[in-house]
1. Kindly provide the set of residues from the stretch 27-40 that are in contact (Cβ under 8 Å) with a residue 24 or more places away in the chain and either closer than 12 Å to Ala81 by Cα or outside any strand (DSSP E or B) (or both), ordered by number.
2. Kindly evaluate Ser28 against the criterion of being in contact with a Phe, Trp or Tyr (Cβ under 7 Å, 6 or more places away or on another chain) and hydroxyl-bearing (Ser, Thr, Tyr).
3. Could you say which residue among Ile32, Ile1 is surrounded by 14 or more Cβ atoms within 10 Å (Cβ to Cβ) and not hydroxyl-bearing (Ser, Thr, Tyr)?
4. Can you find, within the stretch 12-25, the residue that is most open to solvent (accessible area, probe 1.4 Å) among those that are out of contact with any Leu (no Cβ under 9 Å at 6 or more places or on another chain) and not charged (D, E, K, R)?
5. Could we say that Ala81 is touching a Leu at 6+ places or on another chain (Cβ under 8 Å) and at pLDDT below 95 here?
6. From the residues in the stretch 42-85 that are assigned to a loop (DSSP other than H, G, I, E, B) and under 14 Å from Ile29 (Cα atoms), which one is least open to solvent (accessible area, probe 1.4 Å)?
Amino acid sequence: ILPCSQGQPDHEIKCPAGIRRGDHGSASIHIIAPDGTRRLLNFECGNVTTPDGGDLTWGKQGDDWYIGIDYHEFYIVPDAAVTGG
């Protein structure tokens, strides 16, 4: 479960998510957005990408990744979800 939201970056909703970790801090996170859309976020070498398209913005604050897609979908991904720590 990850904090998420649509419309505004208030992260007041909880979105189901699954994680598949790779080597050295890489991971793929599958998320179901509040509207039922399925998203895939790939974390590797301090970078975030998505094969799903859309304008992806991201930044890291403390131990959390803040992800935005099309300035409409917003997610918080704890670094521990990516690294397993």
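1. Ala27, Ile29, Ala33, Pro34, Asp35, Thr37, listed by residue number.
2. On the way: in contact with a Phe, Trp or Tyr (Cβ under 7 Å, 6 or more places away or on another chain): no; hydroxyl-bearing (Ser, Thr, Tyr): yes.
Answer is no for this residue.
3. On the way: Ile1 fails: surrounded by 14 or more Cβ atoms within 10 Å (Cβ to Cβ).
Result: Ile32 is the single residue among Ile32, Ile1 that is surrounded by 14 or more Cβ atoms within 10 Å (Cβ to Cβ) and not hydroxyl-bearing (Ser, Thr, Tyr).
4. Here the residue is His24.
5. Details: touching a Leu at 6+ places or on another chain (Cβ under 8 Å): yes; at pLDDT below 95: yes.
Yes, satisfied.
6. So the residue we want is Thr50.
The values are calculated or read from the model by the stated rules, or taken from the named source; none is laboratory data. It should be emphasised that the depicted structure is a prediction, and the values quoted were computed from it without experimental measurement. Methodologically, a virtual Cβ is constructed for each residue, glycine included, from the backbone with ideal geometry; neighbour enumeration extends over all protein chains shown. For accessibility, only protein heavy atoms count, side chains too; no ligands or nucleic acids. Shrake-Rupley method; radii C 1.70, N 1.55, O 1.52, S 1.80 Å.
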